[in-house]
Amino acid sequence: MTYAVVFDLDGTLADTATDIGESLDAALASMGLPGVEPGAVRLMIGRGPSVLAERALHYHEVSTERHLVTHLANAFMSHYGASGNQRSSLFAGVSDCLEQLTTMNVAIGVCSNKPHGACRSLLVDLGIAKYVGALQGSGDGVPKKPDPTMLLEVLRALGVPVERSLYVGDSDTDVQTARAAGLPVALVSYGYTDKPADQLGADRVVSSLRELPSALHELMTSGPLAVPPPRRSTAL
């Protein structure tokens with residue numbers, strides 16, 4: 001019986017805030033605007049480049065008209081794509097978690113609002129692409145989380161049904177996405193959110209992804225992922 005775990009990327013598997021912040025600052029500078037404090041950048045991440053740009057303009061109390069948001073988002077992605085992932089890293093426990101899930105024959109996917117190509121580059125640069133059986137980042141015509149479309153597409157690619165799958169993220173957006181898709185959800189406590197993870201309504205909260213395999217085992221045996229015994233026939 002195959003189970004699947006699908007992960008969010010930024011703030012869950014990878015600490016990317018420094019690279020994102022540097023590219024955002026460069027994009028803002030091209031518009032004659034100052035940078036954003038690192039702590040504020042962390043809270044802007046999670047809904048894709050356009051929302052990041054909109055939040056940055058709002059942070060500086062600048063007009064968020066669509067053409068300005070688009071210009072800043074494009075400038076950000078141009079710099080981010082060129083600069084790579086030099087200062088991004090895996091959070092503690094991620095490699096151990098992915099290795100253990102693999103030995104448990106759990107299918108692994110990634111679902112992120114980061115553009116698809118940037119997701120793939122990050123997974124490769126951080127050395128964990130080998131664990132990922134299916135990846136879905138944002139792209140033209142693909143609705144972003146909390147719409148469940150991307151998450152369901154990852155499960156389709158992995159060939160694992162919703163009722164045997166767990167989504168792991170770091171924010172309220174991830175909780176909403178999982179609920180919309182009909183999956184249980186676990187959150188990490190260290191992610192990019194201004195509200196404590198244990199107040200967001202997840203089925204589990206872990207302080208390190210090293211805890212996830214045992215949490216998954218509990219969910220598989222007595223929690224939302226437990227498979228009920230077959231119903232006994234009442235026929236004579």
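Just to be sure before I move on: is ALA56 in contact (Cβ under 8 Å) with a residue 24 or more places away in the chain and hydrophobic (A, V, I, L, M, F, W, C) in the structure I sent? For ALA56, the condition - in contact (Cβ under 8 Å) with a residue 24 or more places away in the chain and hydrophobic (A, V, I, L, M, F, W, C) - is met. Cβ separations smaller than 6 Å between residues 6+ apart or across chains give the following pairs from segment 130-159 residues that are of a type in the set (Gly, Ala, Ser) to residues that are surrounded by 15 or more Cβ atoms within 10 Å (Cβ to Cβ) and assigned to a loop (DSSP other than H, G, I, E, B): SER138/GLY48; SER138/LYS144. Selection of first residues in segment 1-23 that are without any contact (Cβ under 8 Å) to a residue 60 or more places away in the chain and of second residues that are small (Gly, Ala, Ser), restricted to Cβ pairs under 8 Å at least 6 apart or on distinct chains, gives the following pairs, ordered by first then second residue: GLY21/GLY35. With respect to the conditions (1) touching a helix residue (DSSP H, G or I) at 6+ places or on another chain (Cβ under 8 Å); (2) in the same structural domain as GLN136 (by TED's automatic domain parsing), SER95 lacks only one, and its number is (1). A Cβ distance below 8 Å, combined with a sequence gap of six or more or placement on separate chains, defines the contacts here; from segment 79-106, residues that are on the phi > 0 side of the Ramachandran plot reach residues that are of a type in the set (D, E, K, R) and surrounded by 13 or more Cβ atoms within 10 Å (Cβ to Cβ) in the pairs GLY84/ASP19; GLY84/ASP125; GLY93/ARG210; GLY93/GLU211.
Before we move on, is GLY84 over 17 Å from VAL36 (Cβ atoms) and buried (at least 17 other Cβ atoms within 10 Å of the Cβ)? Here the answer is no, as GLY84 does not meet what is asked.
Among the residues of segment 60-85, the ones that are of a type outside the set (Phe, Trp, Tyr) and in contact with a Leu (Cβ under 8 Å, 6 or more places away or on another chain) come to 9 in all. Just for segment 38-92: of the residues that are basic (Lys, Arg) and not in a helix (DSSP H, G or I), which one is nearest to VAL124 (Cα to Cα)? Across segment 38-92, the extreme among qualifying residues is ARG87.
Among the conditions (1) out of contact with any strand residue (DSSP E or B) (no Cβ under 9 Å at 6 or more places or on another chain); (2) under 29 Å from TYR3 (Cα atoms); (3) surrounded by 14 or more Cβ atoms within 10 Å (Cβ to Cβ), LEU90 misses just one, which is (1).
Would you point out which residue out of GLU37, GLU22, GLU54, GLU61 is surrounded by fewer than 24 Cβ atoms within 10 Å (Cβ to Cβ) and either closer than 30 Å to ALA181 by Cα or among the basic types (Lys, Arg) (or both)?
Details: GLU37 fails: either closer than 30 Å to ALA181 by Cα or among the basic types (Lys, Arg) (or both); GLU22 fails: either closer than 30 Å to ALA181 by Cα or among the basic types (Lys, Arg) (or both); GLU61 fails: either closer than 30 Å to ALA181 by Cα or among the basic types (Lys, Arg) (or both).
GLU54 is the lone residue from the list that is surrounded by fewer than 24 Cβ atoms within 10 Å (Cβ to Cβ) and either closer than 30 Å to ALA181 by Cα or among the basic types (Lys, Arg) (or both).
Could you list, in sequence order, all residues of segment 120-152 that are of a type in the set (S, T, N, Q) and within 12 Å of PHE7 (Cβ to Cβ)?
The first filter runs over segment 120-152 and keeps only residues of a type in the set (S, T, N, Q), leaving 121, 136, 138, 149.
Passing the criteria: only GLN136.
The values are calculated or read from the model by the stated rules, or taken from the named source; none is laboratory data. The structure presented is a predicted model; accordingly, all values stated were derived computationally and were not measured. A quick note on method: Cβ atoms are made from the backbone with ideal geometry, for glycine too, and the neighbour counts reach across all protein chains shown.
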